[in-house]
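Undergrad: Submitted below is the structure of interest, expressed as structure tokens.
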Amino acid sequence: MINVILAEDHQSLIDGIKVFLEYEDGINVIGEANDGERLVELVRLKRPHVVLTDIRMPKMDGITATKYIKSEVPECKVVAFTMFDQDDAVEQM
């Protein structure tokens, strides 16, 4: 079973991704966050295998959150997405 946490400041997008993943065998969504601070808290508590995160979120962006996640739970894989066309943000991820 692959445990996943979803992070996105638009709840409707989280809901859509979650519905999609619920039909996949072997994937379990174990948490949701609407900002980077909550994402880091959830990763510390639940230790997921994968985090799917937006780059731009309130309180703490996905770039900063990923730095914390990778330093504290290095085995966790992070997949980032964004709707903005910002090469510098993608390179920082």
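Undergrad: State which residue pairs qualify: first residue free of Cβ contacts under 8 Å to residues at least 24 places away in the same chain and inside region 15-29, second residue outside any loop (DSSP other than H, G, I, E, B) in any location, beta carbons under 6 Å apart, and separation of 6 or more residues or different chains.
TA: So the pair list comes out as 18/29; 21/27; 21/29.
Undergrad: Right, here's the next one. What do you reckon, is residue 50 within 14 Å of residue 79 (Cβ to Cβ), in contact (Cβ under 8 Å) with a residue 40 or more places away in the chain and surrounded by fewer than 23 Cβ atoms within 10 Å (Cβ to Cβ)?
TA: Yes; evaluated as a whole, the condition is true for this residue.
Undergrad: Any idea how many residues of region 25-42 are in contact with a strand residue (DSSP E or B) (Cβ under 9 Å, 6 or more places away or on another chain) and either over 23 Å from residue 61 (Cβ atoms) or not in a helix (DSSP H, G or I) (or both)?
TA: Selection size over region 25-42: 10.
Undergrad: Now for a separate question. Condition (residue is modelled with pLDDT of 95 or more and either in a strand (DSSP E or B) or within 12 Å of the chain's Cα centre (by Cα) (or both)) applied to region 57-65: is it met by at least one residue?
TA: Within region 57-65 (the criterion being modelled with pLDDT of 95 or more and either in a strand (DSSP E or B) or within 12 Å of the chain's Cα centre (by Cα) (or both)), the answer is yes, since at least one residue qualifies.
The values are calculated or read from the model by the stated rules, or taken from the named source; none is laboratory data. Quick caveat: nothing in here was measured; it's all calculated off a predicted structure. Note that we place each Cβ from the backbone using ideal geometry, even for glycine, and neighbour counts take in every protein chain shown.
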